[in-house]
Amino acid sequence: MKPGDTRQRSRPDAAMILVKLAYWPVGIALGLIGARLAGALFDRTWKLAAPDSEPPKAKDQGRGWFEIVAAATVKGAVFGGVKAFVDRAGAAGFANATGVWPGVKADDNVRGTAGS
């Protein structure tokens, strides 16, 4: 549909939107699970790097800048990687179950219509 077109959406388009809306609770649940997994993975990673200490917090006075920034960097990388993995696996599983990809399709990216 073009902008300004007042025609009603066809049923398949409306059904596809409803199926995509059904992914929201799935995505939220996967995000919560992914956060737990990422936290556990970061804790294990930190124990390999510094087996005698807990990961530092930004306001830990007795810790140095390098240690705090390094821990935050590793934590961000772990969380980002786990989030990407869980999001992609969830979308692929949802698409296999419903036949509808819950995000932007590849052909939308090629034509430059993603997000418009």
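The values are calculated or read from the model by the stated rules, or taken from the named source; none is laboratory data. Only a predicted model underlies this, so the values are computations on that prediction, with no experimental measurement involved. We place every Cβ from the backbone using ideal geometry, glycine too, and count neighbours over all the protein chains shown.
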>> Six or more apart or on different chains, Cβ atoms under 9 Å: show the pairs whose first residue is in region 71-94 and farther than 13 Å from residue 23 by Cβ and whose second is charged (D, E, K, R) and surrounded by 12 or more Cβ atoms within 10 Å (Cβ to Cβ).
In response: 71/63
> Has region 76-87 got at least one residue that is among the aliphatic types (A, V, I, L, M) and either touching a Gly at 6+ places or on another chain (Cβ under 6 Å) or on the phi > 0 side of the Ramachandran plot (or both)?
Replying inline: yes
> Can residue 86 be described as assigned to a helix (DSSP H, G or I), out of contact with any strand residue (DSSP E or B) (no Cβ under 9 Å at 6 or more places or on another chain) and surrounded by 13 or more Cβ atoms within 10 Å (Cβ to Cβ)?
Replying inline: yes
> Out of (1) of a type outside the set (A, V, I, L, M); (2) part of a loop (DSSP other than H, G, I, E, B); (3) at pLDDT 90 or above, what's the single condition that is false for residue 31?
Replying inline: (2)
>> Just to be sure I understand the filter: pairs with C-beta atoms under 9 Å, separated by 6 or more residues or on different chains, first member in region 16-45 and closer than 30 Å to residue 56 by Cβ, second member not in a helix (DSSP H, G or I). Which pairs pass?
In response: 42/55; 43/54; 43/55
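What tally of residues in region 49-69 results from selecting those that are assigned to a helix (DSSP H, G or I), at pLDDT 90 or above and among the aliphatic types (A, V, I, L, M)? Walk me through it before giving the result.
First, pick out the residues of region 49-69 that are assigned to a helix (DSSP H, G or I): 49, 65-69.
Narrowing the set further to residues that are at pLDDT 90 or above leaves 65-66, 68-69.
Right, trim to among the aliphatic types (A, V, I, L, M) and you get 68-69.
Within region 49-69, residues that are assigned to a helix (DSSP H, G or I), at pLDDT 90 or above and among the aliphatic types (A, V, I, L, M) number 2.
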> Out of (1) among the aliphatic types (A, V, I, L, M); (2) exposed (fewer than 11 other Cβ atoms within 10 Å of the Cβ); (3) touching a Phe, Trp or Tyr at 6+ places or on another chain (Cβ under 6 Å), what's the single condition that is false for residue 58?
Replying inline: (3)
> Which of the residues spanning region 96-116 are assigned to a helix (DSSP H, G or I), among the small types (Gly, Ala, Ser) and at pLDDT below 90?
Replying inline: 106
